[in-house]
Amino acid sequence: MKLASLSLNLIENRSKFSLVKINGFVNILLFCSYEKPNEMKDYNAVVNERFDLEKETTSSIYAAHHPIGKYSREVLFSGLHKFLIEYFHQKKNLSEIKLLDVGCGKGGMIEYFISQGFSAQNCYGVDLSAARISAAQQQLPDVNFICGDALHQQFSSHRFDLITSFDLYSHIAKENEIIAGLKNVSKSLASNGVFLWYDIYSKDHFNAPQNVDSWGFNKHQMIQLAQNAGFEVISTFSFFKKFFGRYHSIYQAHRIPAPLLKLLEKVLPGTPGNIMLILKKIDI
Ligand SMILES: C[S@@+](CC[C@H](N)C(=O)[O-])C[C@H]1O[C@@H](n2cnc3c(N)ncnc32)[C@H](O)[C@@H]1O
């Protein structure tokens, strides 16, 4: 090729570099591809640095007696109660249901299901944080707790009627790891079992700010990820509200009485605070 007085000859073309002869001189052209850096922290680091080192504290805003903890429990538990009535009450005695909670933390959600009639012996929880699993086992000695990575480990040889996951996948940055985790759930689910995926809302999981511990999903992303992992979406719900897409209603609970907060959630514009998908696996 000749460009004005410039003569270019391609000698060798590779993905990372090309050898080119320019006006008789051999030059190396290096290609630098730009990949967007993963902005979220790696989940292993978050578990090691945050969940494994957390101190027992009663002053947490999420504690049952704190207005924020109280309000968020009230809303979530009432949603879960409706879910149990619709999906299980008619079909099975709750004490016979085999439950697995993935990313169970200290077992708070398993404790809720036991309060609704599940039997501790039929409940399983898996979490990567050894400290959280040990606290959970102390609190609920009859529940089966497993310490491990829910993305890469088969949880147990059992098939579960109900698998739940609350705010786990928002900790996982990479799409392939989220899908691996969801496929793992599918493998452990009984063929007519239900998977309840509850997570934080955000506009775009794959465009998180730098260095955050976790970042939510929009509904379309959760549905797409679930379908890519082999699930069929039965229903979707949203919980709480980010007023004007910014002020999460949960965090207003210590300023505004709960009935007024519920009214504001109905009338003010905004995005969801949290999303819940009810999923069944597609049997092949
Ligand atoms: C925001 S907390 C939610 C805990 C609990 N589900 C709840 O709602 O109280 C996230 C939990 O996920 C756990 N976790 C993070 N990555 C994990 C992984 N790859 N496998 C299993 N657990 C994981 C953390 O240790 C932590 O307990």
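The values are calculated or read from the model by the stated rules, or taken from the named source; none is laboratory data. Quantities reported herein were computed from a predicted structural model and do not represent experimental measurements. Virtual Cβ from ideal backbone geometry, glycine too; neighbours counted across all protein chains shown.
What the table below lists for this structure:
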read-out	value
The listed residue being modelled with pLDDT of 55 or more, closer than 27 Å to Gln252 by Cβ and within 15 Å of the ligand (Cβ to nearest atom), out of Tyr62, Tyr43	Tyr62
Yes/no for Gly69 being more than 28 Å from Lys281 (Cα to Cα), surrounded by 14 or more Cβ atoms within 10 Å (Cβ to Cβ) and under 22 Å from the mean Cα position of the chain (by Cα)	yes
Unique match (being at pLDDT 95 or above, of a type in the set (Val, Ile, Thr) and over 23 Å from Ser72 (Cβ atoms)) among Val185, Val194, Val212	Val185
Matching residues in the stretch 76-130 - criterion: being surrounded by 16 or more Cβ atoms within 10 Å (Cβ to Cβ), aliphatic (A, V, I, L, M) and within 16 Å of the ligand (Cβ to nearest atom)	Leu76, Leu80, Leu99, Leu100, Val102, Met109, Ile110, Ile114, Val126, Leu128
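For every residue, the table says whether it meets (1) of a type in the set (Lys, Arg); (2) assigned to a helix (DSSP H, G or I).
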{"site": "Ile68", "(1), (2)": "no, yes"}
{"site": "Leu76", "(1), (2)": "no, yes"}
{"site": "Leu84", "(1), (2)": "no, yes"}
{"site": "Lys91", "(1), (2)": "yes, no"}
{"site": "Met109", "(1), (2)": "no, yes"}
{"site": "Tyr112", "(1), (2)": "no, yes"}
{"site": "Arg132", "(1), (2)": "yes, yes"}
{"site": "Ala135", "(1), (2)": "no, yes"}
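Here's the yes/no breakdown for (1) out of contact with any strand residue (DSSP E or B) (no Cβ under 8 Å at 6 or more places or on another chain); (2) surrounded by fewer than 19 Cβ atoms within 10 Å (Cβ to Cβ); (3) more than 23 Å from Ile178 (Cβ to Cβ):
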| residue | (1), (2), (3) |
| --- | --- |
| Pro209 | yes, yes, no |
| Phe217 | no, no, no |
| Leu225 | no, no, no |
| Ser235 | no, yes, no |
| Pro259 | yes, yes, yes |
